[in-house]
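The values are calculated or read from the model by the stated rules, or taken from the named source; none is laboratory data. Treat the numbers as computed from the prediction; the structure is a model and nothing was measured. Here the Cβ is made from the backbone with ideal geometry for all residues, glycine too, and neighbour counts use every protein chain on show.
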Amino acid sequence: MSAASPWRIQWTEALSVGVPDIDAEHQHFFGLVNELNKAVRERRADILSLNKMLREILAVARAHFAHEEQLFAHHGYPGHEHHAEEHEALLKTLDTLLTGLRDDTPETEWIVAGLKIRDALVEHVFEEDMKYRGMTVSIV
């Protein structure tokens, strides 16, 4: 499989929101998502490793959301309340997805849940985080 796989999210400057700390967190997050995608694609992910990867992705997302909300509140970003609500709703959805998985859940359900979690988080970055891209001067 080539490095240009359609499953891989390649970081480019076009994905930058202009805040170095946030961009670094997004790059780290995309790296974790790429590892999950690679493990699923290569069929080297058992339930234990999928569980670990998904929980790590959620932990990183939770920490990132808290950092982002702190920056927004501190710098008076006009949409920070709505953005925080988006984070809360997203985390609730993701927690529900993970809570429904058990050790005896078929592997395919773990994979589907992982893909849903990945898609929801990546969509948030592309849909919501890019909204403050042009406003970064006011939140830096």
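Just a few scattered comments:
- Only one entry in Ile22, Ile57 is modelled with pLDDT of 85 or more, surrounded by 12 or more Cβ atoms within 10 Å (Cβ to Cβ), touching a helix residue (DSSP H, G or I) at 6+ places or on another chain (Cβ under 8 Å) and more than 27 Å from Thr105 (Cβ to Cβ), namely Ile22.
The rows are residues; the columns are (1) more than 18 Å from the chain's Cα centre (by Cα); (2) among the aromatic types (Phe, Trp, Tyr).
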{"site": "Asn51", "(1), (2)": "no, no"}
{"site": "Ala63", "(1), (2)": "no, no"}
{"site": "Phe72", "(1), (2)": "yes, yes"}
{"site": "Leu98", "(1), (2)": "no, no"}
{"site": "Asp103", "(1), (2)": "yes, no"}
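- Pairing residues of the stretch 60-87 that are on the phi < 0 side of the Ramachandran plot and touching a residue at least 24 places away in the same chain (Cβ under 8 Å) with residues that are in a loop (DSSP other than H, G, I, E, B) and not aliphatic (A, V, I, L, M), at Cβ distances under 8 Å and at least 6 apart in sequence or on separate chains, gives Leu71/Tyr77; Phe72/Gly79; His83/Tyr77; His83/Glu128; Glu86/Glu128.
- On inspection, Val17 passes the criterion of being under 28 Å from Tyr132 (Cβ atoms), in contact with a Phe, Trp or Tyr (Cβ under 7 Å, 6 or more places away or on another chain) and of a type in the set (A, V, I, L, M, F, W, C).
- Close Cβ contacts (under 7 Å, 6 or more residues apart or on different chains) running from residues in the stretch 11-29 that are in contact (Cβ under 8 Å) with a residue 12 or more places away in the chain to residues that are surrounded by 12 or more Cβ atoms within 10 Å (Cβ to Cβ) and polar (S, T, N, Q) comprise Trp11/Gln27; Val17/Thr136; Gly18/Thr136; Val19/Thr136.
- Filter pass, Glu123 being surrounded by 12 or more Cβ atoms within 10 Å (Cβ to Cβ) and either under 15 Å from the mean Cα position of the chain (by Cα) or at pLDDT 90 or above (or both): no
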